[in-house]
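The values are calculated or read from the model by the stated rules, or taken from the named source; none is laboratory data. Remember, it's a predicted structure, so these values are computed and weren't measured experimentally. Virtual Cβ from ideal backbone geometry, glycine too; neighbours counted across all protein chains shown.
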Amino acid sequence: MPHPLTPEPLLSGAVTSLRGEVSVPGDKSISHRALILGSQNVGQTVIHGLLEGEDVLGTAAALRALGTSITREASGEWRVQGVGTGGFSEPNGVLDMGNSGTGVRLMMGLVATHPFTTFFTGDGSLRGRPMRRVMGPLEEMGARFVARRNDYLPLAVIGADMPMPIRYTLPVASAQVKTAILLAGLNTPGETTITEPERSRDHTERMFAHYGIPLRVEDGDKGARVLTLTGQPEVHHPHIEIHVPGDPSSAAFLAVAALITPDSKVILRNVCMNPLRTGLYDTLREMGADMWLENERENAGEPVADLVVRSSKLKGVDVPAERAPSMIDEYPILSVAAACAKGVTTMRGLKELKVKESNRLAAIADGLIANGISAEMGDDSLTVTGCKGKPQGGGVVKTHLDHRIAMSFLVLGMASKETVRVDDGSAIATSFPEFISIMNRLGANITSLAPARTGRSTAIASAPASRAPMVIAIDGPAASGKGTLARRLAEHFDLSYLDTGSLYRAVGLRLVYADKDPNDKKAAIEAACAIDDEDLSNPRLRQERVGEAASIVSAIPEVRAILLDFQREFAKRPGGAVLDGRDIGTVVCPDADLKLYITADLDARADRRHRELEGQGITVVHESVLTDLQERDERDSKRKFAPLKPAPDAIHIDTTNLSAQAVFEKVLGIIEATKAA
């Protein structure tokens, strides 16, 4: 079986110091709630720093379908024109919540006390998660549900005509269930009361207070908390602003990197310091971390601060099991800090790590051992014996497509004697797409293998003007490996790189975020004329709604003509260029210095695409991937204008049984032979 061409192996080497100040992505939990509470306000909510990931964008789309006006400004601000409590209208279609368990459960609570029916679905993963723990209390409030067996999505929420307040005790601590009940209680007369035996994240309570929503929080028996909401409040703020703080989980990687790297000082701006989210930072201080808070303040009820971190000599500690809920996602990076500490660190209460994106507990232990660090895994614990400084490194870490494993061991490489390699860092983009560029800007040395640099693995990268120009045109069918090859050649020869397939997405991106209809021909033409390098490097290009807009604008002849001119001008850039896509050697660059036609048999391409989608968390049947590629090949071969075919002078390379490295080396040999001739 050939190796897939899509994984992105990365190397991280030792650095002398990390210095600078950065901001981290906005917190996802708070981003969801900012949009939802904005919809319940009679007036405009302006949101700064919203996390623009697929989960949050799915919540925004659902709220729009319910009648809320939500727009994104060019400056990055989001504006929500709320409809008020009970002001939703019945949606015309099904609300697709993608992969977001938080999004669907909170939205189910929000619509449960509106007198209409709402249909919800999601991706394959979300459709396999039971919804009973939310449905139970909402049924007590008068809502009814029609769902698949085991209470799976797709499901219908039949809202209560006359919702009733309830008194409900949570069986287990759950911020999602608690919030769903509170959101349902907003449109319910009387007092809705929730007893929480153990504390869960309190982002909802804090944001209620920011909006002035009457919610009493009192102490109950045996450490419980009792929340009482007075329903149908007047939430009327003509203009209210929310600044979403940075995600403390994302900040953790930067903080630990600064702690274990000599002569480092990093300032992390605008980080959420909610005490229910800061277990890692409490632990690092116990280990001797030199870190402190500056500019402490409150945004939308959340404690926020700038976190200053300096290099520190760490010592091993015992991390109690009761701390796990406040830092469950941070144990991989804590393990890296423990590896560089003096003494033994024992972490307890880690069973949940076995059911994350991967078996994180095993992945952490395996990665540490591969890099010369003593680690012992128990049923729900991990014990790490530190190296009193620089770990040996030199190992290869299997990430299992887990973004936190990848980022954690790249941090380890910064403090190790030998470079640390992760087998695939592509999953990093799912949570922290700017991670590598931010790290390298601070002084890290993270690179793609032999010799492409991850920082250039974008749709477009510019080359210096100091070398003789060379233009390489790469054509081929989908999933043949042409994009991977193009990026590596661009990096190797310092050429500008253009993924031509991103051009229509760039047009779609401009239309979507300007809230314009892709079917509007004039708007599409204007967007095509305006795209630039920054658009083509935007991580939001791969969003589903951007792709849908791209499909529409690609059928507009004027847009196609504008983008053809863009490609031809790109090929003339000083220093030369690599362009990959379709019709590059035949239509775009018929005079290219080197033309390659990269192909593979259909089964191999389907295998690669299937692995790529699975790696992105997209559950898809292999046969459907195969069928999709067959249909795509058929369409491309029968296009009236420039059907997909190799240029007469193109060099053919079949990658069916070749790894990405083998293809790259083969092309280097071709180029060297051409130069010699």
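For region 637-647, state whether one or more residues are surrounded by 15 or more Cβ atoms within 10 Å (Cβ to Cβ), of a type in the set (Gly, Ala, Ser) and at pLDDT 80 or above. Checking region 637-647: at least one residue is surrounded by 15 or more Cβ atoms within 10 Å (Cβ to Cβ), of a type in the set (Gly, Ala, Ser) and at pLDDT 80 or above.
From the list 148, 199, the one residue that fits, being of a type in the set (D, E, K, R) and under 20 Å from residue 129 (Cα atoms), is 148.
Yes or no, residue by residue, for (1) assigned to a helix (DSSP H, G or I); (2) touching a residue at least 60 places away in the same chain (Cβ under 8 Å):
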| site | (1), (2) |
| --- | --- |
| 484 | yes, yes |
| 488 | yes, yes |
| 491 | yes, no |
| 497 | no, yes |
| 515 | no, yes |
| 519 | no, no |
| 525 | yes, no |
| 550 | yes, no |
| 563 | yes, yes |
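Selection of first residues in region 102-117 that are within 12 Å of residue 179 (Cβ to Cβ) and of second residues that are among the hydroxyl-bearing types (Ser, Thr, Tyr), restricted to Cβ pairs under 6 Å at least 6 apart or on distinct chains, gives the following pairs, ordered by first then second residue: 103/59; 106/179. I'd like the residue in region 27-67 that is within 20 Å of the chain's Cα centre (by Cα) and in a strand (DSSP E or B) and, out of all such residues, is surrounded by the most Cβ atoms within 10 Å (Cβ to Cβ). The selected residue is 47.
Return a yes/no flag: does region 142-156 have any residue that is in contact (Cβ under 8 Å) with a residue 12 or more places away in the chain, farther than 20 Å from residue 189 by Cβ, under 24 Å from the mean Cα position of the chain (by Cα) and loosely packed, with under 15 Cβ neighbours inside 10 Å. There is no residue in region 142-156 that is in contact (Cβ under 8 Å) with a residue 12 or more places away in the chain, farther than 20 Å from residue 189 by Cβ, under 24 Å from the mean Cα position of the chain (by Cα) and loosely packed, with under 15 Cβ neighbours inside 10 Å. Quick check on residue 414: is it buried (at least 19 other Cβ atoms within 10 Å of the Cβ) and either in contact with a strand residue (DSSP E or B) (Cβ under 7 Å, 6 or more places away or on another chain) or in a loop (DSSP other than H, G, I, E, B) (or both)? Yes, satisfied. In region 480-502, the count of residues that are over 26 Å from the mean Cα position of the chain (by Cα), surrounded by fewer than 19 Cβ atoms within 10 Å (Cβ to Cβ) and either among the aromatic types (Phe, Trp, Tyr) or modelled with pLDDT of 90 or more (or both) is one or more. Screening residue 162 on (1) touching a helix residue (DSSP H, G or I) at 6+ places or on another chain (Cβ under 7 Å); (2) at pLDDT 90 or above shows it passes everything except condition (1). Of the residues 548, 544, 534, 526, the single one that is within 17 Å of residue 53 (Cβ to Cβ) and surrounded by fewer than 21 Cβ atoms within 10 Å (Cβ to Cβ) is 544. Checking region 588-604 against the condition returns a match, with at least one residue being at pLDDT 90 or above and assigned to a helix (DSSP H, G or I). Here is the figure for region 68-80: residues that are more than 12 Å from residue 515 (Cβ to Cβ) and part of a strand (DSSP E or B) total 1.
Among the numbered conditions (1) in contact with a strand residue (DSSP E or B) (Cβ under 8 Å, 6 or more places away or on another chain); (2) under 24 Å from residue 10 (Cβ atoms); (3) acidic (Asp, Glu), the only one that residue 494 does not meet is (1). Take the conditions (1) over 19 Å from the mean Cα position of the chain (by Cα); (2) surrounded by fewer than 18 Cβ atoms within 10 Å (Cβ to Cβ); (3) more than 18 Å from residue 122 (Cβ to Cβ); (4) not β-branched (Val, Ile, Thr); residue 93 misses just one of them, which is (3).
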